[in-house]
Amino acid sequence: MASAAEGVVAVGHRFYHRGWVMGTSGNFSVVVGRSPLRLAITPSAAHKGALRASQILQIDAAGEPAHRVTGRPSAETALHLEIVRRAGAGAVLHTHSIWSTMLSERHAAARGLAIEGFEMLKGLDGVSTHAHREWVPIVENDQHMSRMAGEVGRVLSDHPAAHGFLIRRHGLYTWGRTLAEAERHVEIFEFLFETIGREGSGHGSRQHS
């Protein structure tokens, strides 16, 4: 738990300084046990640029703190648990960058965006060619977290090869087998989102078929 907490804190600091989790936005988790399921997760309303290891909480499979604590787990805990269960993730990272937020609105009508032809796609787990076509689903935002977790589960079931998804006008969720892999996926997606965003109406405009 201690090493997971330190890792999450380090990621939070790096992402804050890159402008991906401003204010108290974003949330991160790492699986610290599978049987029973335990996650180390950021608390609600925590500033990621000033995050401390002592603030990281441990939660169970129901999203409840495994120990008596003063803080509350992230409001989006249910989404982390759904991704861990559906994708077998070892870490889940959620960012609120400008480019991911803009693209999530720009491509909302298509319910996702396709990214292909970029060398940086090879940074995603299992991708070995720039010719890969990555479909990034877009999920409607919802303040009802259990309902939204159900929608995330359906999206992951429909798109099992996805490495991440966007929440409309909200940001990116991605994951990995390890925290390092999940962090790499954030970096890859954020690079691609900014590239596509700066291109305007370039790549990523086709609807999934």
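Here are a few things to note about the model shown:
- Karplus-derived HN-Hα couplings along the stretch 15-26 (A = 6.51, B = -1.76, C = 1.60, θ = phi - 60°), whole Hz, x at Gly and Pro: 5, 4, 6, 9, x, 9, 9, 6, x, 10, 6, x
- The C-alpha atoms of the chain define a longest principal axis, and helix 77-87 lies at about 60 degrees to it.
- Here the calculated FRET efficiency for Ala131 and Ala61, from their Cβ-Cβ distance with R0 = 25 Å, stands at 0.05, rounded to the nearest 0.05.
- The residue among Phe28, Gly171, His159 whose Cα reaches farthest toward the positive pole of the charge dipole of the chain, with charges on the beta-carbon of Lys, Arg, Asp and Glu, is Phe28.
- Working note: Karplus 6.51/-1.76/1.60 with θ = phi - 60° gives the stretch 100-110 the couplings 5, 5, 5, 5, 5, 8, 4, 10, 4, 4, 8 Hz, where Gly and Pro are set to x.
- Helix axis angle, 145-158 relative to the chain longest principal axis, alpha carbon, degrees: 50
- Temperature 37 °C, viscosity 0.692 mPa s: under these conditions the Stokes-Einstein estimate for the stretch 8-128, based on its Kirkwood radius over C-alpha pairs, is 209 µm² per second.
- Between Gly123, Pro73, His96, the Cα set farthest toward the positive side of the dipole of the stretch 2-199 (charges on each charged residue's Cβ, about the Cα centre) is that of Pro73.
- Classification of the stretch 138-187 by its C-alpha gyration tensor yields a prolate form. The axis ratio a/c (a ≥ b ≥ c) is 1.5 or more, and a/b outweighs b/c.
- Computed over the chain: relative contact order in percent, which uses C-alpha pairs under 8 Å that are six or more apart: 21
- Each peptide among 88-94, 122-128 gets the average number of other Cβ atoms lying within 10 Å of its residues, and from highest to lowest they stand as 88-94, 122-128.
- Cα-projected label distance for Ala50 with Glu105, points at 7 Å along beta-carbon direction, nm: 2.9
- Dipole magnitude (debye, nearest 20) for the stretch 2-199, charges at Cβ of Lys, Arg, Asp, Glu: 380
- Amide H contacts of Ala61 (H built 1.01 Å from N, under 5 Å, at least 5 apart or other chain): Leu37
- Once you divide the Cα radius of gyration of the stretch 75-116 by 2.2 N^0.38 Å, the number left is 1.40.
- The angle between the Cα long axis of helix 179-199 and the longest principal axis of the Cα atoms of the chain comes to about 40 degrees, rounded to the nearest 10.
- Global dimensions of the chain from alpha-carbon coordinates: Rg and Dmax equal 16.1, 50 Å.
No value in this document is a laboratory result; all are computed from the given coordinates. These numbers were taken from a predicted model, which means no experiment stands behind them. Don't worry about glycine lacking a Cβ; one is built from the backbone with ideal geometry, like all the others, and counts go over all protein chains shown.
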